[in-house]
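Notes for the one structure printed next.
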Amino acid sequence: MILVSGGTGFVGSAVVAELLRRDQQVAVLGRDEARIRRRYGNRVEARAADVRQPSTLPAAMTGIDIVINAVQLPNSPIESKRRGWTFEQVDYEGTRHQVDAAKAAGVRRFLYVSGVGAAPDAARHWFRFKWQAEEHLRASGIEWVVVRPSWAFGPGDHALNRLLGFGRFLPFIPMFGDGQQALQPIFVDDLARIIADAALKPEAANRVFEAGGPETMTMDEVLKTGLDVMGKKRPILHQPVFVGKALGTLMSLLPSPPLPPPPLSADAVDFITWPAVADKTDLERVLQPRLTPVRQALETYLGRK
């Protein structure tokens, strides 16, 4: 049986759907068992656990052959230290807790969905924590796989869809930065196939795969393509990064809880203006994925409204 941690999230739910298409037995790990059952009914086995709390994980790993860790922050990339939702607590410690529980349970293979840019000396802390999670996995003694996506998009994403959504009710698209950062957007269905292949294929063992789409584009080019698919003509209104970071800092000072998490943070502005280009050499050599161009992918779910 394959356990997908974070299987109700954006990437995780696409992975679950792909595994079910392949007639795999799937269990989904999440904090809310009822939410898992509402999403999948009886098609998966629901296992409730919190990756930040290691005592909840041993039972979730029982009878599991492969773990796919696709857990993300609930409001990614916006951290909430007061709620315990940070890259350190979720990406690093949450992965470490899962790896340790998986090893104790005799799990054969563990796949971690990391991110392009993960490195020990990365300029941003989220990349460093992802690297530390990778390192713990590599040193665990379990057969491991790391998939590092670039910028994943598709129905249900909270990044590209949110930006393009402004074009439905505003006469412009607001954007922090100059929109010239290089991206390789990857359609979430393509990423799900890559992750499923990497989890299942023997030749993927103990490898790192960086995964990006077939095109390198600027953020402005991605947005303009999306607007064209929607049949909208909207200018992109660029604002300096420092303005976004100042707004994000102010929003992060709002009292919480019980208020909802802030819609922006200074780190989140850095996150969304950072380049994301993958080295796909090993991915193409070992897994030979089918990758969908951005326009073709957007046409599958963006209508002219």
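The values are calculated or read from the model by the stated rules, or taken from the named source; none is laboratory data. Values in this document were obtained by computation on a predicted structure and should not be read as measured data. A quick note on method: Cβ atoms are made from the backbone with ideal geometry, for glycine too, and the neighbour counts reach across all protein chains shown.
Annotations for the structure displayed:
- Residues of the range 123-160 satisfying the condition of being within 18 Å of the chain's Cα centre (by Cα) and assigned to a loop (DSSP other than H, G, I, E, B): R124, S150, W151, G154, P155, G156, D157, H158, A159
- Matching residues, the range 148-161, being of a type outside the set (K, R), buried (at least 16 other Cβ atoms within 10 Å of the Cβ), modelled with pLDDT of 90 or more and out of contact with any helix residue (DSSP H, G or I) (no Cβ under 6 Å at 6 or more places or on another chain): S150, W151
- Counted residues, the range 167-217 - those being aromatic (F, W, Y) and part of a loop (DSSP other than H, G, I, E, B): 2
- Any hit, the range 76-92, residues being in contact (Cβ under 8 Å) with a residue 40 or more places away in the chain, under 26 Å from R124 (Cβ atoms), surrounded by fewer than 16 Cβ atoms within 10 Å (Cβ to Cβ) and not β-branched (V, I, T): yes
- Filtered by the rule that a residue be in contact with a helix residue (DSSP H, G or I) (Cβ under 8 Å, 6 or more places away or on another chain) and touching a residue at least 40 places away in the same chain (Cβ under 8 Å), the range 137-147 gives L137, S140, I142, W144, V145, V146, V147.
- So E210, is it surrounded by fewer than 18 Cβ atoms within 10 Å (Cβ to Cβ) and not aliphatic (A, V, I, L, M): no
- Matching strands (runs of 3 or more DSSP E) fully within the range 1-95 where at least 2 residues are more than 17 Å from R109 (Cα to Cα) and within 21 Å of the chain's Cα centre (by Cα): 45-48
- Residue count, the range 272-305 (criterion: of a type in the set (G, A, S) and either assigned to a loop (DSSP other than H, G, I, E, B) or in contact with a Pro (Cβ under 6 Å, 6 or more places away or on another chain) (or both)): 2
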